[in-house]
Amino acid sequence: MNLVLIVEDEPAIADLIEITLARIDCRCVQARDGEAAATLLEQGAYDLVLLDVMLPGTDGFALMDYIAPTGTPVIFVTARADVRDRVRGLKLGAYDYIVKPFEPDELLARVDGVLRHTGRRGARIRVFNIEIDPEQRAVWREGEAVELSPREFDLLLTLVRNRGIALYRDVLLERVWGFASDAGPHTLDVNIHRLRKKLGWSGEIATVFGIGYRLEAEP
Amino acid sequence: MNRTRTLTRLLLALLCAVLSFGAAWTLRQNFAHTRAALEEQYTLDHLRTQLGVADAVAGAQGTRALSAAVTEYRRASRVPGRTDVGTLALLDADGMILWSDIPVGAVPYDALRRCAGAGTGQLLYARAKEALYLLMASPLSGTAEGVWLLSVYDMSGLLAEQTRQLHSWLLLLGTVLVLVAAALVTMDILQREAERRTRFLAAFSHELKTPMTAILGYADLLRSGEQDAALRQRGADHIYHEAARVENLSRALLALLGLQGGQRLCLESVPATALFEEVARSLPPDIANVRRTAPAGAAVRCDRALLCTLLRNLILNAAHASAPGAPIELTTAPCRAGWRLTVRDHGCGIPPADLPHVTEAFYRVDKSRARRSGDGSGSGLGLSLCAEIAQAHGSRLQIASTVGEGTTIWLELPAGEVTA
């Protein structure tokens, strides 16, 4: 469980980030402006700060000066796509810069990446009897390496990041094979079948009738 | 941005200074060269004259004979049509003029004496009235001791030329300075316009991207899998409200573009009381404390719907700036143009630095994006729309504000006919 501070004045977006990050086991605290964020940072330590630039009062860049000495990694999440702004943000010591509108999956991947990079969570994800290293794209089953094709690996990661949620077939196809792909529903079924076989998961990946597949949550 | 502007100005000023200095220097050099050439030419002429006169007067005895000899020499050496030859004078040892063809009174006698005193080869300038003379003297050989020959050359032409060049240089400099000033002003205007446009685009994309992020994010969440009911409800709610926000923004933007594109107004005479009544009815229920004052018979010529939008937006802004329940005054008073409509609040006020920008699209004083419902208000376009509506009526939105005391915004409209 990682603690993330979201500094964002738009409740809709702060909520969206919180809901998204809950999928990778992050607990979030929200601050609506720079002053509130500074107070929260003073009161406790966070694993990561997601920082909007345009905030009422103290803006995100200014707040960065305050956060940098604490060593907490920062990702800017902002509508300002200007290259100069990005450079400025990164120069100030931000780890990453995500431009709105962002895909929740992209946010997830970047947050997860920063947390692992900075040693704030283990390099490996544990699911049932399986260990996954997203960075190395490697999988172990009870300590033994499992060979997965790139698609199988992406499919596994998508399932893992949406544990407990029944994912629609179309969305799975789109996320793993891409928008423009002509992969049919059969391709998905074949890959799920192989995953089950290679990982020894028969019941863990459930087929949800009329919807798609779900990776069961840890009991 | 500002540093570049200052640097450009500095460079231009420097360029101007260098150019004018260079021009002045060239002018001076030019003049000095012309003068040197003339001096050389006249020195030679003087030498020639000196030899000629010495030859002519050789053997002449007495003043009379001397004078006759010189007169004869002058007559003989005259070339018809030549005007650049000098005039002559012979001075004796006491400084008395023995002979002269210098026009009477042209050159001060004092200058002649000083020139003779200066000695051979010395050039002397004498200024008399508007003219400038070059004087040079040498002792006349072959005559009695101490007779000096003086040549006087009119240099007025040089003076006139110098003045002419100076005038044309000043004219040129003046023109260049005016052009540079005009260029600077134009550059400033263009730069300001470009900055305004950049700000508009940045703000507009921000206003669009924020709701889009929420809409896309929640929609993605909902379509990807079976979420629990509470999350579904929350997501749908956010999508609905953010989409409404985009719709609100696009409506305000369309209204703004329509007005900027010269939309025709539907002008009619509207009694102020009716106008105020209509505005009050359109306000959200939480804005109740609007005090309306309209003298009987006050009526304005306006586009009723647009003016209602304008007043409504101003009141919504006023309510936003004020503490809940604080009074907002909506008044009508006679003015020279007709009637002045004023919206006044006792809220937080607008800092002077922000005042010139508040009617710019998406400009926000508090930089927060707190939203309210309404036509354009909360989209960041409310006040821009008001300013455009006022302008479409041939009026102007005027704003006076003191931080901590409140804001007064008014516009003046022509009086309409009062129907009995």
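The values are calculated or read from the model by the stated rules, or taken from the named source; none is laboratory data. Since this is a predicted model, take the numbers as computed values, not measurements. Every residue, glycine as well, gets a Cβ built from its backbone with ideal geometry; the counts of neighbours run over all protein chains shown. To get the accessible areas, we keep the full protein, side chains included, count just its heavy atoms, and leave off ligands, DNA and RNA. Shrake-Rupley method; radii C 1.70, N 1.55, O 1.52, S 1.80 Å.
Summary of values
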quantity	calculated
Rounded to 5, percent antiparallel among DSSP beta bridges of segment A:60-157	70 percent
Prolate/oblate/rounded label for chain A (Cα gyration tensor, a/c 1.5)	prolate
Residues with amide H under 5 Å from that of residue B:381, placed H, sequence gap 5 or more	B:362
Size of electric dipole in segment B:267-414: Cβ of Lys, Arg +1 and of Asp, Glu -1, about Cα centre, debye, nearest 20	40 debye
Segment B:242-297: trypsin sites (Lys or Arg not before Pro) falling in loop per DSSP and having at most 12 other Cβ within 10 Å	B:264
Threshold 30 Å² - residues in segment A:164-178 whose accessible area is reduced by that much or more when the chain is no longer isolated, probe 1.4 Å	A:165, A:168, A:171, A:174, A:175
Hz values of 3J(HN,Hα) by residue in segment A:205-210 - Karplus curve (6.51, -1.76, 1.60), Gly and Pro given as x	8, 8, 8, 9, 4, x
Residues residue A:211 and residue A:149, FRET efficiency given R0 of 25 Å [Cβ-Cβ distance, rounded to 0.05]	0.55
Low-density loop positions, trypsin sites (Lys or Arg not before Pro), segment B:59-143 - DSSP coil, at most 15 other Cβ in 10 Å	B:78, B:82, B:129
Mean ellipticity per residue at 222 nm, deg cm²/dmol - from DSSP H runs of n ≥ 4 across chain B, formula -39500 (n - 2.57)	-19000 deg cm²/dmol
Pair residue B:184, residue A:170: separation of 7 Å Cα→Cβ label points (nm)	6.4 nm
Three-way shape label, segment B:256-341, alpha-carbon gyration tensor, a/c 1.5	oblate
Shape of segment A:1-106, Cα gyration tensor, a/c cut at 1.5	rounded
Given charges at beta-carbon only (K, R positive; D, E negative), |dipole| of chain B in Debye	600 debye
Separation between Cα centres of segment B:36-107 and segment B:291-329, rounded to whole Å	98 Å
Chain lengthening between residue B:172 and residue B:6 when straightened (0.36 nm per residue, less Cα-Cα)	57.2 nm
Protein-protein interface of segment B:182-224, residues with accessible area decrease of at least 30 Å², isolated chain reference, 1.4 Å probe	B:206, B:209, B:210, B:213, B:217, B:218, B:220, B:221, B:223, B:224
Heavy-atom accessible area per residue - the protein assembly as shown, 1.4 Å, Å²	52 Å²
Interchain or long-range residues, amide H under 5 Å from residue A:28's placed H	A:4
Packing-based order for B:13-21, A:122-130, using average beta carbon neighbours within 10 Å, highest first	A:122-130, B:13-21
For segment A:77-148 versus segment B:203-237, the gap between their alpha-carbon centres in whole angstrom	22 Å
Amide H contacts under 5 Å for residue A:58, placed H, 5+ residues apart	A:34, A:35
From phi via Karplus (6.51, -1.76, 1.60), per-residue ³J(HN,Hα) for segment B:171-185 in Hz, x at Gly/Pro	4, 4, 4, x, 4, 4, 4, 4, 5, 4, 4, 4, 4, 5, 5
Size of the B/A contact, given as accessible area buried on both chains, probe 1.4 Å, in Å²	2400 Å²
1.4 Å probe, heavy atoms, protein only - residues of segment A:1-24 losing at least 20 Å² accessible area vs chain alone	A:9, A:10, A:12, A:13, A:15, A:16, A:19, A:23
Distance-filtered residues of segment B:200-242 - backbone nitrogen under 13 Å, label point 7 angstrom along residue B:263 Cα→Cβ	none
Accessible carbon and sulfur surface of the protein assembly as shown relative to its total accessible area, %, 1.4 Å	57 percent
Rounded to whole Hz, the Karplus (6.51, -1.76, 1.60) HN-Hα couplings of segment A:179-187, x for glycine and proline	4, 8, 6, 9, 4, x, x, 4, 4
Values of log10 I(q)/I(0), in the order q = 0.06, 0.07, 0.11 Å⁻¹, for the protein assembly as shown under a Debye, Cα-only, solvent-free model	-0.61, -0.69, -1.13
